[in-house]
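Heads up: the structure comes next, in structure tokens.
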């Protein structure tokens, strides 16, 4: 785990987290540590609470080298403690009954409300393009939460889309129901030659209060 002082506030985490490009290859991350991160990442918001995000962890050294090849031989993939594919489940709506039945049994909704909710979810997800967009959108929300949690626990990350998605899908046997939203490399960054943080726009350049002017 990263030896730097852990941030102790949301503001610290947001300001300190950055995309790492040079990991220490000698640092390993255990399955139990990863599971601890995912135990917190599961609380990310998702549409209708369908929890579209699905994670595929690659920490086996030999398989990680193949993932590196599919990622155009990017150095950080090979040195990271793990490469994690963030997937969005286009069939997440099919879990609606199971997700909502607890609320039904606890009396938080009656049978009519329960059935109306399920019917509404199924109707919304009949559009294939909507299913694809929702899969990516909700997986991305989860991914950002995962990276912030990782930083709070002393790990560095880098979100990536620089890879061949079809090669990755074939290599990792990813079913068609999953959209690949991104890959996240995780490990401990080598900080002997840190890069300065890139320019950030002032709030006035990317926030509008009210409609755009004509």
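So how do 160-170, 197-207 stack up, highest first, on mean other-Cβ count within 10 Å?
Details: 160-170: 14.7, 197-207: 7.3.
Top of the packing list down: 160-170, 197-207.
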Requested in this report: Would you work out the relative contact order for region 10-206, in percent, from Cα pairs under 8 angstrom that are 6 or more residues apart?
Outcome: 34 percent
Report task. Specify the angular offset, from 0 to 90 degrees and rounded to the nearest 10, of the alpha carbon long axis of helix 61-70 from the longest principal axis of the alpha carbons in the chain. Result -> 80 degrees
**Report entry** Inter-part distance where region 57-73 and region 154-192 are each reduced to a Cα centre, Å
**Finding:** 9 Å
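Expressed in nm to one decimal, what extension gain is obtained for the pair residue 94 and residue 18 from 0.36 nm per residue of sequence separation less their Cα-Cα distance?
Values: separation 76, 0.36 × 76 = 27.36 nm, distance 3.57 nm.
Result for the pair: 23.8 nm of gain on full extension.
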Requested in this report: Tell me which label goes with the value of Rg and Dmax of the Cα atoms in Å computed from the coordinates here: [x] 19.6, 61; [y] 18.2, 59; [z] 17.8, 55.
Outcome: [x]
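Give the order of 17, 131 when sorted by the count of other beta carbons within 10 angstrom, beginning with the fewest. Don't skip to the answer; put the middle values down first.
On the way: 17 17, 131 21.
With the sparsest Cβ surroundings first, the list reads 17, 131.
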Requested in this report: Would you please give the FRET efficiency between residue 26 and residue 47, computed as 1/(1 + (r/R0)^6) with r the Cβ-Cβ distance and R0 = 35 Å, to the nearest 0.05?
Outcome: 0.30
Requested in this report: Report, to the nearest 10°, how far helix 31-41 tilts away from the longest principal axis of the Cα atoms in the chain, using its own Cα long axis and a range of 0 to 90°.
Outcome: 50 degrees
Query raised in the report: Rg/Rh for region 32-140: what does it come to with C-alpha atoms and Rh from Kirkwood?
Result: 1.11
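So between residue 9 and residue 208, what do we pick up on full extension, going 0.36 nm a residue minus the alpha carbon distance? Write out the running numbers ahead of the final one.
Working: separation 199, 0.36 × 199 = 71.64 nm, distance 2.72 nm.
Answer, rounded to one decimal: 68.9 nm.
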Report task. Return the percentage of antiparallel bridges among DSSP beta bridges fully within the chain, rounded to the nearest 5 %. Result -> 95 percent
Query raised in the report: To the nearest 10 degrees, how steeply does helix 111-124 sit against the main Cα axis of the chain, on a 0 to 90 scale?
Result: 60 degrees
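All of the numbers you see were taken from the coordinates with simple rules; none came from a lab. Quantities reported herein were computed from a predicted structural model and do not represent experimental measurements. Counting neighbours? That spans all protein chains shown, and the Cβs are built from the backbone with ideal geometry, glycine included.
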